[in-house]
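Derivation of every value follows stated rules applied to the coordinates shown; laboratory data play no part. Everything quoted here is computed from the prediction, not taken from an experiment. For neighbour counting, all protein chains shown are included, and Cβ atoms are generated from backbone atoms with ideal geometry for every residue, glycine included.
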Amino acid sequence: MQRALVTGGSGFVGASLVRRLLSLGWQVDLLLRPGFATWRVPAEQPRLSMHVIDLTDASAVEALLHRLRPRHVFHLAAHGAYSWQTDAARIAKTNLEATRTLALASLKANVEAFVHTGTSLEYGRKRHAPSEDEPAEPEGAYAISKAAATAFCRDLARRSGMRIPTLRLYSVYGPWEEPRRLVPSLLLHAMVGKWPPLANPKTARDFVWVEDVIDALIIAASRPLADPGAIFNIGTGRQTTLGEIVALVHGVTGCEAEPHWQSMPDRGWDTDIWQAETRHAATVLGWTAQTTLRTGLQRTIEWLQEDRERLDLYQGSLNLTDAQPR
C-alpha cells in the first residue's frame with residue numbers, strides 16, 4: 001500500500017487530492033494546522049489519519065515523518081491566495097518557513113518525492129504565456145513567498161537529488177472550492193437568477209479543472225525526472241475572459257439577468273492576459289488538461305445540487321439561502 005502525507009488537506013485542492021488518493025487505496029496522513037476548518041475533510045476512514053501540527057516546528061515535523069515514513073509528500077498548505085488573507089507574517093511563515101521545514105524533514109526521512117505546489121503569480125505580469133525557465137517577477141507578499149519557496153525547493157532538489165517538483169497552478173476550480181471565489185460565486189448566483197458584482201469583462205484567467213490538477217500532482221510524484229527540481233505550469237494553455245465565463249455560466253444555468261459590468265472595481269492583480277505555457281508538462285509529465293471549462297462548470301453545478309446540506313452551506317456563505325431558484 002502506498003503511503004502519502006498531505007498538507008493543506010482541509011483546503012480546496014488538498015481535500016480533492018485526499019479523496020482521490022483514498023479512492024486509489026493509498027494510506028493518507030493529513031498534517032493540519034491547529035484550528036483547521038473541518039467541512040472539507042472526509043469523514044472517518046480506515047486509511048486516513050490526521051495529525052495536528054505546527055509545520056514550522058522542525059523537531060516535531062522531523063519526528064512525525066520519521067515515524068510515518070511516507071513514500072510521497074504533497075505540500076499544498078498555503079496562506080495568502082485569497083484576497084482576505086493579508087497578514088504578511090503569516091504568509092511568509094506558512095509559504096516559505098513551513099516549506100523549508102517540511103522539505104528538510106522529508107529529505108531526512110528518505111521520502112521518494114516531495115511535490116511542492118506553486119502559483120502562476122510567481123511570474124508576475126507578463127504579456128504572454130510564460131515558460132518555466134523565465135525569471136520570476138512576483139508582486140505582493142503571497143507571490144513573493146511562493147517564488148522564494150520554489151527557489152528553495154529547486155536548490156534543495158539539485159543539491160540532494162531528492163525529487164522536489166514544483167507545480168505552478170493556474171486558476172483551479174471545481175468541487176470544494178471556497179464559496180466566495182469567482183466560479184462558485186457565479187454559479188450560485190446564476191442558479192437563483194442573478195449575478196454577483198462583476199469587474200472588467202476583459203479580465204482573463206486560465207481556468208483548470210481540479211481533477212485534472214490532481215492527475216498532475218500524482219503523476220509528478222511518481223514520474224522519474226532528469227531535473228529533480230523541475231517546475232511545471234499546470235493550466236489549460238487557454239485563457240478565458242470574465243465576459244466569456246459569464247456567457248458560459250449563462251449557457252449552463254439559463255440565468256437571464258443582465259450582468260452589471262464594473263459593479264466591482266478593478267483589482268490590483270487583474271489583467272487581460274493570463275494563460276499557461278503547458279508544453280513542458282506535456283513533454284516531461286505526459287500531462288495535459290482534459291476537461292473543457294463548460295464541462296467543468298456543469299459538473300460543479302451537479303456536485304452542488306447532489307447534496308442539499310452542501311448547497312445550503314455554499315448558499316449561506318453568500319447570503320443566498322432565501323433566494324428562490326429560477
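Normalised by the number of residues in the chain, the average gap of Cα pairs under 8 Å and 6 or more apart makes the relative contact order 17 percent. Taking amide H positions as modeled 1.01 Å from N, with prolines and chain starts lacking one, the residues under 5 Å from Leu76 and 5 or more places away or on another chain are Thr7, Gly8.
Where nothing but the Cβ of Lys and Arg (+1) and of Asp and Glu (-1) is charged, how large is the charge dipole of the chain around its Cα centre, in debye to the nearest 20? For the chain, the charge dipole is close to 700 debye. Restricting the GluC sites (Glu not before Pro) of the range 205-293 to loop positions (DSSP other than H, G, I, E, B) with no more than 15 neighbouring Cβ atoms within 10 Å leaves Glu256. Straight-distance candidates among the lysines for linking to Lys126, with alpha-carbon spacing under 19 Å and chain neighbours fewer than 8 residues away dropped: Lys146, Lys202.
Amide H to amide H distances under 5 Å link Asn233 with Arg168, Ala281, where only residues 5 or more positions off or on other chains count and H is placed in the peptide plane.
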